[in-house]
Amino acid sequence: MRSRPSTTPTTTPTGRNQSHTIPEREHESWRASGNAPPPRRLVPNPIEMCNLVPSGGTIRLNGVSYVLSNTCNFDSVLQVLYCLLNTHPTAKAYIQKLSQSNVQKAATVLTIYKHLTNGNYDAAKVVTVLNLLDLTTDKFNDGNMYGSEERFLNKIAHFIGIVQSSSCTNANCPLEKSDTVYPMKDMILQTPNDAVNIFNSGVTGDCQGCSSKNVNTAYKWTSSGAPPFFVFPITNTRDVSEKEISFSQEFMRVSFNLFAYTVHLNDHFQAVIIWGKKKYLYNGSTEPVLSPHKQFNQDHRVSTVWYTKQ
Ligand SMILES: [Zn+2]
């Protein structure tokens, strides 16, 4: 955890010199003026205690320093993932279990998580670009990381798999009837509402395996059930506003609460993280903690949506 100024006064050390400050009467004579309640002690909630991913960064490889720029696209999803693991023990246990099963990038995410928790931001960034995004040194020469959000999601796509089943009426259709798909890399969802409809009601269209029409493709959780969190990308064809995302939502018969979303605004990726009824903004320069967020008053595009299981 990052250290921060205390919100309560530090305790005065007791000693002989302070003895004269101890009241001699048993009963307090002090009364609050007017009807004002006593000041409430401000206790930061777990989201406000989360370390923040610094933007940019310098990485040193084989004696050469590379300065990274435009890292906001993956910083924002990394920040959401970090806050998720830091506040939801079930999500962390889930990633640990995936890591034990050698699911792609689960161990790498846990390493990044550890570095961020310990405040080793440079190390976290090095592991992110080299071992999670699998970028090579030729990419670092100009250091421009723009366009890496999709790459980040593709790398962690195997964290969330769902079963896709298609019901083709053609008995000779070569199409697999049931298959595991990974929404973060396999699905094109144009709006949050589009995502809700597709996951809950499926899609009807032409068969990908034969010439049959009106094939319904439906989705359900795998036999292990819904994971503790669910994330999907929004592939925008128009501006999609944060107002279009519902706070609580059922996906494939399981209830979820909105945890976060990333948005693209003024060529900059940012993340909004929800705790209780409060929204917090991560924009890469928020120090020392996430700042309160109401809603964007400019056009923006939602790029990923994150839910946690109720
Ligand atoms: Zn077919």
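For the range 182-221, name all the residues that are without any contact (Cβ under 8 Å) to a residue 24 or more places away in the chain, away from the ligand (no atom under 16 Å from the Cβ) and of a type in the set (A, V, I, L, M, F, W, C). Within the range 182-221, ILE198 is the sole residue that qualifies. Between SER241, SER255, SER303, the distinction of being under 30 Å from LYS97 (Cα atoms), touching a residue at least 60 places away in the same chain (Cβ under 8 Å), small (Gly, Ala, Ser) and surrounded by 12 or more Cβ atoms within 10 Å (Cβ to Cβ) belongs to SER303 only. Across the range 210-254, the number of residues qualifying as over 12 Å from VAL196 (Cα atoms), part of a strand (DSSP E or B) and of a type in the set (Ser, Thr, Tyr) comes to 1. Counting only residues that are under 11 Å from the mean Cα position of the chain (by Cα) and either of a type in the set (S, T, N, Q) or over 30 Å from ASP138 (Cβ atoms) (or both), the range 58-86 holds 6 of them. Residues that are touching a Cys at 6+ places or on another chain (Cβ under 9 Å), at pLDDT 85 or above, assigned to a loop (DSSP other than H, G, I, E, B) and within 16 Å of the ligand (Cβ to nearest atom): does the range 142-163 have at least one? Taking every residue of the range 142-163 in turn, none turns out to be touching a Cys at 6+ places or on another chain (Cβ under 9 Å), at pLDDT 85 or above, assigned to a loop (DSSP other than H, G, I, E, B) and within 16 Å of the ligand (Cβ to nearest atom). On the given criteria, is TYR113 over 19 Å from PRO233 (Cβ atoms) and in contact with a strand residue (DSSP E or B) (Cβ under 6 Å, 6 or more places away or on another chain)? No, not satisfied. Step by step: first the residues of the range 61-88, then only those that are among the hydrophobic types (A, V, I, L, M, F, W, C), in contact with a Phe, Trp or Tyr (Cβ under 8 Å, 6 or more places away or on another chain) and in a strand (DSSP E or B), then the one that is surrounded by the fewest Cβ atoms within 10 Å (Cβ to Cβ). Which residue is that? Within the range 61-88, the match that is surrounded by the fewest Cβ atoms within 10 Å (Cβ to Cβ) is LEU61. Would it be correct to say that LEU133 is farther than 19 Å from VAL103 by Cβ and touching a residue at least 24 places away in the same chain (Cβ under 8 Å)? No. Scanning the range 116-130 for residues that are surrounded by 15 or more Cβ atoms within 10 Å (Cβ to Cβ), in contact (Cβ under 8 Å) with a residue 12 or more places away in the chain and more than 15 Å from PHE74 (Cβ to Cβ) yields a single hit, THR117.
The values are calculated or read from the model by the stated rules, or taken from the named source; none is laboratory data. Because the structure is a prediction, the values reported are computed rather than measured. Here the Cβ is made from the backbone with ideal geometry for all residues, glycine too, and neighbour counts use every protein chain on show.
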